[in-house]
Amino acid sequence: MAEHNFAIPMAVITLFWLFVGGVVPLFVPKGPNRGVIVTMLVLTAVSCYLFWLIAILAQLNPLFGPALSNDTIWYLQYHWP
């Protein structure tokens, strides 16, 4: 189960981009470029959300951690405040 520290930002950002890509296009005024503007809004919302999702999930479970030598680990263990 996800912690609240992760679930709340996930829900807020998801709702924001869902609003931008799903609700805002409904309020675009009629005109010759309406289709272009709606497409731009939806593609922007999908692209930004996917970028954010990949970035946040990569931080949640990194592929590799920091490479520290034994001397550095020992120093940090005994001398870090």
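The values are calculated or read from the model by the stated rules, or taken from the named source; none is laboratory data. Remember, predicted model here, so these are calculated numbers, not experimental data. Don't worry about glycine lacking a Cβ; one is built from the backbone with ideal geometry, like all the others, and counts go over all protein chains shown. For accessibility, only protein heavy atoms count, side chains too; no ligands or nucleic acids. Shrake-Rupley method; radii C 1.70, N 1.55, O 1.52, S 1.80 Å.
Structure data summary
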{"quantity": "Accessible surface of residue 8 - all protein chains present, 1.4 Å probe, nearest 10 Å²", "calculated": "100"}
{"quantity": "Potential lengthening between residue 72 and residue 52 on full extension [0.36 nm per residue; Cα-Cα distance subtracted]", "calculated": "3.9 nm"}
{"quantity": "Estimated 222 nm signal from helices in the chain, with DSSP H stretches of n ≥ 4 weighted -39500 (n - 2.57), rounded to 500", "calculated": "-21500 deg cm²/dmol"}
{"quantity": "Span-like helix ranges in the chain, DSSP H, alpha carbon extent 15 angstrom or more, Kyte mean at least 0.0", "calculated": "4-18, 34-60"}
{"quantity": "Kirkwood Rh in Å, taken over all unlike Cα pairs in the chain", "calculated": "16.3"}
{"quantity": "Protein-only accessible surface order, largest first, of 16, 6, 27 at 1.4 Å", "calculated": "27, 16, 6"}
{"quantity": "Loop sites in the stretch 29-71: chymotrypsin sites (Phe, Trp or Tyr not before Pro), DSSP, at most 12 other Cβ within 10 Å", "calculated": "64"}
{"quantity": "Protein accessible area in the stretch 1-67, 1.4 Å probe - carbon and sulfur %", "calculated": "77"}
{"quantity": "Heavy-atom accessible area per residue - the chain, 1.4 Å, Å²", "calculated": "87"}
